[in-house]
Amino acid sequence: MRTDPEAFIAFLPTRDLEAAHAFWNGLVGLRLALDQGSCRIYRAAHGGFLGFCASAEPPEPAGRVVLTIVTHDVEGWHRRLSEAGVRTDGVPRLNERFRIVHFYADAPDGYRLEVQRFEDPRWPGVSSAG
């Protein structure tokens, strides 16, 4: 009997639920899957979800939490976030160690958003899951 999970949710605390919603739903484009009042769960990809829950304090240090979007259009994401005034660590660049093209951006509550494209042919992508 297989016991594969139906979905995966990472819950993170947020000081400002509305600011988190404006960023993750409005700017990044994650669809709101369920609003529980003090927690909002967003569909990140297929069976993957991010939940943000109202809390007085995010984890310390929040900058160690990296949420990553995998996309072929890293450059387009950089343009989109930069034009919206989101601070990034520079233009997309090749990381030879991990064979990715990526950049980091500041997200609410001190979290870091990484946008990356795998250049490694061993990356299975979502079509190979299971």
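To keep it simple, each residue is scored yes or no on (1) touching a residue at least 12 places away in the same chain (Cβ under 8 Å); (2) farther than 30 Å from Asp35 by Cβ; (3) aliphatic (A, V, I, L, M).
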{"residue": "Ala62", "(1), (2), (3)": "yes, no, yes"}
{"residue": "Val86", "(1), (2), (3)": "yes, no, yes"}
{"residue": "Asp89", "(1), (2), (3)": "yes, yes, no"}
{"residue": "Leu94", "(1), (2), (3)": "yes, yes, yes"}
{"residue": "Arg99", "(1), (2), (3)": "yes, yes, no"}
{"residue": "Tyr104", "(1), (2), (3)": "yes, no, no"}
{"residue": "Asp120", "(1), (2), (3)": "yes, yes, no"}
Can you name the residue in the range 31-83 that is closer than 19 Å to Ile100 by Cβ and part of a strand (DSSP E or B) and is also modelled with the lowest pLDDT among such residues? Ala45
Do you know which of the residues in the range 53-70 that are exposed (fewer than 12 other Cβ atoms within 10 Å of the Cβ) and within 15 Å of the chain's Cα centre (by Cα) is farthest from Val86 (Cα to Cα)? Arg64
Check whether at least one residue in the range 42-52 is free of Cβ contacts under 8 Å to residues at least 40 places away in the same chain, closer than 22 Å to Arg117 by Cα and exposed (fewer than 12 other Cβ atoms within 10 Å of the Cβ), and report yes or no. no
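The values are calculated or read from the model by the stated rules, or taken from the named source; none is laboratory data. What you see is a predicted model; the values in this text were computed from it and never measured. When we count neighbours, we look across all protein chains shown, and the Cβ atoms used for this are built from the backbone with ideal geometry, even at glycine.
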